[in-house]
1. Testing Leu170 on (1) surrounded by fewer than 22 Cβ atoms within 10 Å (Cβ to Cβ); (2) of a type in the set (A, V, I, L, M); (3) at pLDDT below 95, one condition comes back false. Which one is that?
2. Against the definition (touching a Pro at 6+ places or on another chain (Cβ under 8 Å) and in a strand (DSSP E or B)), how does Leu223 come out, yes or no?
3. Mind checking which residues of the range 137-152 are exposed (fewer than 13 other Cβ atoms within 10 Å of the Cβ), assigned to a loop (DSSP other than H, G, I, E, B) and not polar (S, T, N, Q)?
4. For the range 127-148, give me each residue that is without any contact (Cβ under 8 Å) to a residue 12 or more places away in the chain and either β-branched (Val, Ile, Thr) or under 21 Å from Val215 (Cβ atoms) (or both).
5. Which condition number in (1) farther than 15 Å from Thr126 by Cβ; (2) within 17 Å of the chain's Cα centre (by Cα) is the one that Pro264 fails?
6. If we scan the range 103-118, do we find a residue that is assigned to a strand (DSSP E or B) and in contact with a helix residue (DSSP H, G or I) (Cβ under 7 Å, 6 or more places away or on another chain)?
7. Out of Ala301, Ala285, Ala276, Ala314, which single residue is within 15 Å of the chain's Cα centre (by Cα) and either outside the structural domain of Ser163 (by TED's automatic domain parsing) or not in a loop (DSSP other than H, G, I, E, B) (or both)?
8. Taking the range 153-187 as the region of interest, how many residues are assigned to a helix (DSSP H, G or I) and either within 22 Å of the chain's Cα centre (by Cα) or more than 30 Å from Pro105 (Cα to Cα) (or both)?
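The values are calculated or read from the model by the stated rules, or taken from the named source; none is laboratory data. Small disclaimer: the values here were computed from a predicted structure and weren't measured. Please note: Cβ atoms are built from the backbone with ideal geometry, for glycine as well, and neighbour counts cover all protein chains shown.
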Amino acid sequence: MDMTTVRIGALAAGVAVSLAAAAPAAASEPWPQRMVRVFVPTGPGSATDMAARIFADRLANRWKQPVVVENRAGADGLIGVSAFAAAHDDHALLFSFAAPMSVYPVVREKLPYDPARDFVPISSATDSFGILAVPGSSKIGSLAELAAAARARPGKLNSYASSGIFPYLLAGFLQSEGLDVMQISYREQNLAMQDLGAGRLDFLMSVIGAVLPLVQDGKARFLAVTNSRRSPIVPDVPTVTEAGYPELAFEGFQGFFGARGMPPELRDRIAADVGAVAADPVLVARLDALAQLAHATTPTAFAGMIEDQRAKIADIVRRTGMKQ
């Protein structure tokens with residue numbers, strides 16, 4: 001062996017030792033090291049946007065870095081979710097309702113992203129309450145009365161189900177009950193709310209926060225909430241299961257996702273931070289005012305919630321043939 005070989009071998013060994021010594025330091029570097037972007041696939045002022053901003057404010061305090069919400073609204077959330085998937089930014093997170101991960105893979109032929117490949121479930125953040133409502137002037141006072149009215153007047157009642165999971169839940173309900181109801185599409189949800197308040201729409205499904213102002217003004221009335229428990233906002237309103245229609249039951253949730261390749265230890269660390277801020281009484285109170293409940297989970301539990309919702313929608317699609 002000549003001296004050149006010895007020198008090269010010694011140099012390589014030295015580099016290896018240096019890299020090994022540096023690796024733990026790199027792995028233990030704190031995150032975040034700069035501003036965190038939170039992609040939200042809905043517009044400013046939406047329920048998802050407001051919840052995201054409440055969490056962003058608390059996480060910024062915890063992380064000692066700015067946490068900035070970026071609204072990318074449009075196409076039922078597809079624009080924002082796709083923009084996040086394409087960002088490839090290790091300091092970006094997605095805060096979204098579940099439908100882009102649970103509903104759209106079942107009902108759409110093609111998606112600009114792959115939920116299993118492009119997103120890492122981190123933690124749920126809030127539960128939203130879904131509701132069925134009728135105009136304040138309506139004589140219908142329960143889900144059973146609504147079903148009876150639709151059965152007595154086939155094709156005469158009209159309804160609206162806002163985006164995400166709601167159109168499929170409503171379709172499954174109508175199919176299972178053998179009801180013929182005209183479903184109306186609206187360019188904007190606000191137009192549906194106006195028609196409900198004016199009595200031009202017989203009933204609708206949406207989130208509680210969207211209809212609550214009409215109820216408070218006496219222009220609408222809640223029949224039931226879709227969640228497994230009653231809403232503390234309207235504790236006298238029964239759940240759909242209590243009303244005898246468990247096929248309408250679902251949990252409305254939204255939460256944080258990471259990008260493809262996020263290390264498990266970082267995913268778990270962010271989930272723990274989300275859980276910590278979700279327990280903050282100030283945050284809980286702010287969400288209560290929006291008719292949302294703070295609900296943080298482990299990554300495994302969050303992934304399971306998404307899978308359960310996906311299975312429910314797949315069953316409805318099999319029964320009704322309803323796809324986009």
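1. Answer for Leu170: the failing condition is (1).
2. Details: touching a Pro at 6+ places or on another chain (Cβ under 8 Å): no; in a strand (DSSP E or B): yes.
Judged against the criteria, Leu223 is not a match.
3. Lys139, Gly141, listed by residue number.
4. Lys139, Glu145
5. Every condition holds for Pro264 apart from (2).
6. no
7. Going through Ala301, Ala285, Ala276, Ala314 in turn, just one is within 15 Å of the chain's Cα centre (by Cα) and either outside the structural domain of Ser163 (by TED's automatic domain parsing) or not in a loop (DSSP other than H, G, I, E, B) (or both): Ala301.
8. 8
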